[in-house]
Amino acid sequence: MNLLKNSLQLLCMFLAVSIYFNNLVKEHVMEIVANSVLLAYVPFIFICFQQARYMFGGFAGVFENPNTMGFSMIGLMVVVLIRLYQLTVKILHERQHPRLILLFAFYTTIYLMCLYMILLSNARTSLLTAALVTIVVIVSSIKSLNKTFLPFLKFSALFAGTVLVVLIAFMKMNRMQDAVQSIVLKMEKKSTNMTDGRLEIWQYVFEHVQFWGHGVESLWSIGVSHAHNTFINILQEAGLLALISYCCFLLAIAKGYRQMNDQRAVLMALIIVAMLGVSTFEILYFNVLHILVFVVSGSLRDTAKRQY
């Protein structure tokens with residue numbers, strides 16, 4: 001009964017975020033969501049670093065396990081990257097202003113802190129996802145150059161400076177080096193079984209597919225709480241119809257990029273890539289990325305309404 005109650009509460013929250021929230025804030029939705037995520041995460045990160053509350057590869061008393069800490073940071077990284085993209089576009093195409101450079105340095109620092117926490121958590125899927133969303137922003141920034149010479153020079157200098165700062169952080173900071181060594185050691189230990197038994201779980205799910213699913217936490221019958229994959233977990237718990245509906249929902253969002261301006265299109269790409277990346281080996285039911293997916297879906301709904 002409690003699980004059903006939690007599921008209904010989650011559904012109501014997602015509907016509120018995707019429909020009513022967008023109706024309330026209109027075109028300011030991206031700014032409000034980005035600022036909300038930053039306000040939720042950044043003080044928490046600084047407090048953790050100040051109090052040195054990390055142990056056993058995860059932050060004590062905050063996350064249920066290190067992997068949860070790793071993929072929870074992806075939501076913050078998506079918001080930080082969209083901020084960096086916005087600042088990059090302004091630096092490339094507007095007059096130089098010291099405030100823009102300071103903000104760029106601030107968000108780059110937060111990006112490095114997110115990366116450090118992902119490395120510290122040894123969450124390999126989250127690290128790969130972080131690399132993918134970073135590539136999305138770099139490619140989007142290059143596309144914004146419009147083949148003009150001066151913005152290209154600015155971008156080259158900005159990119160070279162940022163890469164240099166990141167390399168210095170990795171080479172000179174002992175904390176970062178320890179985190180890198182930690183995840184490298186885990187990769188070496190898991191080199192013989194990269195999926196950590198997930199393939200066996202997925203095989204079991206596909207062998208016992210039911211149209212209406214088996215119910216919440218039905219995988220406890222084989223000793224695991226979930227399928228370690230968002231799509232396969234939906235298939236197991238809610239069935240084939242739910243999985244098809246969920247995939248259609250995501251496809252509808254992906255097809256709506258033509259209705260968006262450049263910044264919202266980049267945000268949509270970041271959210272979808274991050275969600276698919278993390279979903280490969282984890283489930284996103286209660287993750288901030290899922291909230292961002294529904295925010296984007298509601299934004300598309302409002303854009304379509306304005307066209308008619």
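The values are calculated or read from the model by the stated rules, or taken from the named source; none is laboratory data. Keep in mind that what you see is a predicted model, and the values were worked out from it rather than measured. Note that each Cβ is placed from the backbone with ideal geometry, even for glycine, and that neighbours are counted across all protein chains shown. Surface areas here come from the heavy atoms of the whole protein model, side chains and all, with no ligands, DNA or RNA. Shrake-Rupley method; radii C 1.70, N 1.55, O 1.52, S 1.80 Å.
Per-structure values
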{"quantity": "Extension gain (nm, one decimal) between Val166 and Leu39, 0.36 nm per residue minus Cα-Cα", "calculated": "43.3 nm"}
{"quantity": "Extension gain (nm, one decimal) between Asp262 and Tyr204, 0.36 nm per residue minus Cα-Cα", "calculated": "16.6 nm"}
{"quantity": "Heavy-atom accessible area ranking, 1.4 Å probe, most first, across Arg175, Arg83", "calculated": "Arg175, Arg83"}
{"quantity": "Region 148-272, dipole about Cα centre (Lys/Arg Cβ +1, Asp/Glu Cβ -1), debye to the nearest 20", "calculated": "620 debye"}
{"quantity": "List Lys154, Lys255, Lys147, ordered by accessible area with a 1.4 Å probe, largest first", "calculated": "Lys147, Lys255, Lys154"}
{"quantity": "Of the chymotrypsin sites (Phe, Trp or Tyr not before Pro) in region 139-232, those whose Cβ has at most 15 other Cβ within 10 Å and which sit in DSSP loop", "calculated": "Phe211, Trp212"}
{"quantity": "Of Leu112, Ala131, Phe149, farthest towards positive along the dipole that unit charges on Lys, Arg, Asp, Glu beta carbons give region 83-219", "calculated": "Phe149"}
{"quantity": "Val224 versus Lys147: modelled label distance in nm, points set 7 Å from Cα along the beta carbon direction", "calculated": "4.9 nm"}
{"quantity": "Asp178, Asp262, ranked by accessible area, largest first (probe 1.4 Å)", "calculated": "Asp262, Asp178"}
{"quantity": "Per-residue SASA entry for Glu94, accessible area with 1.4 Å probe, Å² rounded to 10", "calculated": "100 Å²"}
{"quantity": "Theoretical gain in end-to-end length, Phe106 to Val273 [0.36 nm per residue, Cα-Cα removed]", "calculated": "57.7 nm"}
